[in-house]
1. For the chain, modelled as a Gaussian network with Cα springs under 10 Å, which listed residue fluctuates most, Asp221, Asp27, Asp187?
2. For each of Trp37, Trp6, count neighbouring Cβ atoms within 10 Å of the residue's Cβ, then give the residues from fewest to most.
3. List the trypsin sites (Lys or Arg not before Pro) in region 31-131 that DSSP assigns to loop (not H, G, I, E or B) and whose Cβ has at most 12 other Cβ atoms within 10 Å. Which are they?
4. Under 5 Å between amide H atoms, partner at least 5 residues away or on a different chain: which partners does Ile64 have, H built in plane at 1.01 Å?
5. As a test, work out the antiparallel percent of DSSP beta bridges whose residues both lie in the chain, rounded to the nearest 5.
6. Convex hull over the alpha-carbon atoms of the chain: what's its volume per residue in Å³?
7. What is the Cα centroid distance between region 25-39 and region 42-70, reported in whole angstrom?
8. Which order do Glu152, Glu206 fall in if you start with the one that has the fewest other Cβ atoms within 10 Å?
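What follows is calculated from the coordinates using simple rules that are stated; it is not laboratory data. The model shown is predicted, which means the values in this text are computed figures rather than measured ones. Ideal geometry is used to build each Cβ from the backbone, glycine not excepted, and the neighbour counts take in all protein chains shown.
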Amino acid sequence: MLIHAWISAFLKGLNNKQRREHYFTRDFIKLKQIPSWKEMAKSARVKQPEESLFPKDNHLNEKISLFRGDITKLEVDAIVNAANSSLLGGGGVDGCIHRAAGPLLKEECRTLSGCETGKAKISCGYRLPAKFVIHTVGPIAQGQPSAAQATELSDCYKNSLKLTIENKLRTVAFPCISTGVFGYPNDAAAEVVLNTLRKWLEENKEKVDRLIICVFLEKDDEIYKEKLPRFFPVDASGVLPSRL
Ligand code: ADP
């Protein structure tokens with residue numbers, strides 16, 4: 001048995017407390033420290049537009065979160081990696097995930113035979129607080145993305161969620177796939193992501209506890225705060241009218 005398979009089996013046999021001894025950091029973030037969108041919208045000064053794209057659904061609002069920070073710190077069932085097609089590591093979030101997980105992640109990734117754009121593959125999380133890493137490859141879109149590239153970006157999220165369910169995982173965090181080195185415009189990407197997650201949650205809400213949109217940059221934080229109320233409308237109370 002290869003060492004990564006042995007360690008992966010060993011980690012799977014541990015309970016949460018035992019797993020924590022193997023994390024690369026003591027500074028990890030528990031799910032209960034991440035407010036749901038429903039909770040966040042109550043405290044944040046969220047502007048609810050008069051016209052939203054979907055009906056208000058508080059149950060769905062409890063299933064989604066916006067979190068700004070380092071995805072490698074999240075103690076969730078799975079984090080998604082914006083990988084490149086070789087799955088052998090790169091810069092950006094991919095580099096952060098590989099550094100944090102340790103060298104066995106690359107060893108396992110070598111056995112996965114790469115990944116096509118829009119598809120996803122799963123591995124152990126090794127020294128990450130996340131139990132699994134779901135590797136997906138976003139489209140490279142320098143400039144205005146085509147409809148085909150928007151579909152590929154949406155497929156990254158859908159196929160990652162397919163693996164989430166197939167592996168009976170209930171909490172998953174996504175970075176802003178393709179919006180770094182791969183050049184997908186941040187605003188357009190957020191529209192694709194929110195539309196995909198909203199529609200997916202409508203069909204599958206009982207199968208997961210929380211989908212976390214993990215933004216790293218202030219720009220993305222602002223974009224998602226502005227767009228979330230259109231895709232996940234919130235209670236009128238505690239919300240500022242859009243036109244003052
Ligand atoms: P891609 O090649 O798919 O564009 P990048 O890694 O270059 O992927 O960027 C994707 C997003 O991940 C960017 O928004 C970048 O700021 C963000 N990012 C980089 N490091 C981290 C991290 N440690 N945690 C969460 N997001 C990160």
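1. Asp27
2. Least crowded to most crowded, the residues run Trp6, Trp37.
3. Arg45
4. Trp37, Lys38, Leu211
5. Taking every DSSP beta bridge within the chain, about 20 percent pair in antiparallel fashion.
6. Spread over its residues, the Cα hull of the chain gives 122 Å³ apiece.
7. The distance from the Cα centre of region 25-39 to that of region 42-70 comes to 16 Å.
8. Glu206, Glu152
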